[in-house]
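These notes concern the structure reproduced below.
The values are calculated or read from the model by the stated rules, or taken from the named source; none is laboratory data. Note that the coordinates shown come from a computational prediction; the quantities given were computed from them, not determined experimentally. Please note: Cβ atoms are built from the backbone with ideal geometry, for glycine as well, and neighbour counts cover all protein chains shown.
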Amino acid sequence: MQISRWSLARIVIVSGIAGLVLAGVGALSMSIPYRYRSTATLKIEPVDTGALNRVVQAAFTPQALSDIIRQEHLYGEAPIEGSIDRLRRAILIKHSGANLAKVSFAYENPAQAQRVSQDLIGRIISANVSPSINPNGLRIEVDAPPGPPKRQFEGKRLSLVGLGLPTGMLFGVVLALILRRRKPAAS
C-alpha cells in the first residue's frame, strides 16, 4: 500500500479513525477502577427541603462519616480528613418527585457501595426521629431500600476516547504535509 498516493482527506480520515480506535482501546484498558452506585429512595412528608437538609447535616457529621470510613475500610490508608471529603463527594442526594429523594453512594467495590448506602439511609432515619433536629415533625421513611449497585458512567474514559479523533486527525494532517514535501517534483 502506498500511502504517499493517498489524498489529504483520506489520510486525515484514516488517521482520525485510527486515533479514535486507539483511544478507545486505551480507555478500556486504563487502570482507573470502575465505580458502582447504590441508590435508595426516601419518602418525605411534608415536603420541606430545609428540614431535610438539617436532618442530613445532623446525620452526616464528620464523626459519623469517619465511623463509616473505618467500619467499611474505605479509601485505604488515606488521611481521615481527606477521606471524609471523598466520602461526601461520593454521596448524592437529589429530589426525584414531589415527595421523594434519592440517596446514593458510589464506590469501587459494589458490595461496599450498597452497605454504605444502607448505613447512610439508617443514619438519616435515626437523625430524623430526634425532636431537636426535626422540631417540625418531618416524616422520612424508606420508599425503596438501596438497590444492587450499578456501574457508573465514567466521564474520564469517555473524554479520553473523545480526544482520540481530533488527535488522530491532527496527526493525519501532519503526516499528509510531510508526505507532500517529500513527494518528488514532476518533470
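Return the residue satisfying two criteria in turn: it lies in the stretch 22-41 and is among the β-branched types (Val, Ile, Thr) and over 20 Å from residue 120 (Cβ atoms), and of such residues it is modelled with the lowest pLDDT.
For the stretch 22-41, the residue satisfying everything is 32.
Of all the strands (runs of 3 or more DSSP E) wholly in the stretch 58-163, which have at least 1 residues that are among the hydroxyl-bearing types (Ser, Thr, Tyr)?
Strands (runs of 3 or more DSSP E) meeting the threshold: 100-107.
When residues of the stretch 42-53 are filtered for being surrounded by fewer than 19 Cβ atoms within 10 Å (Cβ to Cβ) and either modelled with pLDDT of 90 or more or under 23 Å from the mean Cα position of the chain (by Cα) (or both), how many remain?
Going residue by residue through the stretch 42-53, those that are surrounded by fewer than 19 Cβ atoms within 10 Å (Cβ to Cβ) are 43, 45-50, 53.
Next, only the ones that are either modelled with pLDDT of 90 or more or under 23 Å from the mean Cα position of the chain (by Cα) (or both) stay: 43, 53.
Count: 2.
Within the stretch 54-84, restricting attention to residues that are loosely packed, with under 11 Cβ neighbours inside 10 Å and over 18 Å from residue 109 (Cα atoms), which residue is farthest from the chain's Cα centre (by Cα)?
63
Please go through the stretch 131-162 and pick out each residue that is under 22 Å from the mean Cα position of the chain (by Cα) and at pLDDT below 75.
Listed by number, the residues that qualify are 152, 153, 154, 155, 156, 157, 158, 159, 160, 161, 162.
Pairs please, first residue from the stretch 62-81 and closer than 13 Å to residue 117 by Cα, second anywhere and modelled with pLDDT under 90 and outside any helix (DSSP H, G or I), Cβ atoms under 7 Å, 6+ apart in sequence or on different chains.
69/75
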